[in-house]
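See below for the structure under consideration.
The values are calculated or read from the model by the stated rules, or taken from the named source; none is laboratory data. What you are looking at is a predicted structure, and each value in this text was computed from that prediction instead of being measured. Positions of Cβ are backbone-derived with ideal geometry, glycine not excepted, and every protein chain shown enters the neighbour counts.
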Amino acid sequence: MAMDIETARRRLLDLRAEVLADLARAEADTAPVKLDQDSVGRLSRIDAMQMQEMALAAKQRRRTEIDRIDAALRRVDTDDFGYCAQCGDAIADARLETAPFITTCIQCASV
């Protein structure tokens, strides 16, 4: 594994900060849709509710991504980072550079 542990830790922490910033920016998008028939028509309200549902789904994906990053940071701390959780082989550097929170090598991921 050519990616050293400190580089991996920095990349994971930077990625975590980016995801948290995205989560904070999107917080207003998940606010309840107000029922105000005078200013918003029925179709506009339905559209707003649909946008809210999409924002909630995106928020959940970001939280899942934070969980994956936190798990990768724990693997960094226990020297398990960069090794496949299934077979124990080293994960390719290119794979880790693309997704440093990944837990499997390409062979195990394709099974």
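Here are the numbers for the structure shown:
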{"item": "Qualifying residue in region 91-105 (condition: more than 28 Å from residue 22 (Cα to Cα) and surrounded by fewer than 13 Cβ atoms within 10 Å (Cβ to Cβ))", "result": "no"}
{"item": "Matching residues in region 21-43 - criterion: being within 30 Å of residue 100 (Cβ to Cβ), in contact with a helix residue (DSSP H, G or I) (Cβ under 7 Å, 6 or more places away or on another chain) and either at pLDDT 65 or above or in a loop (DSSP other than H, G, I, E, B) (or both)", "result": "22, 23, 26"}
{"item": "Residues satisfying the stated conditions in region 93-109, i.e. part of a helix (DSSP H, G or I), closer than 21 Å to residue 64 by Cβ and free of Cβ contacts under 8 Å to residues at least 40 places away in the same chain", "result": "95, 98, 108, 109"}
{"item": "Within region 53-92, tally of residues that are free of Cβ contacts under 8 Å to residues at least 60 places away in the same chain and either under 18 Å from residue 27 (Cα atoms) or assigned to a helix (DSSP H, G or I) (or both)", "result": "22"}
{"item": "Unique match (being at pLDDT below 95 and either among the aliphatic types (A, V, I, L, M) or surrounded by 14 or more Cβ atoms within 10 Å (Cβ to Cβ) (or both)) among 56, 73", "result": "56"}
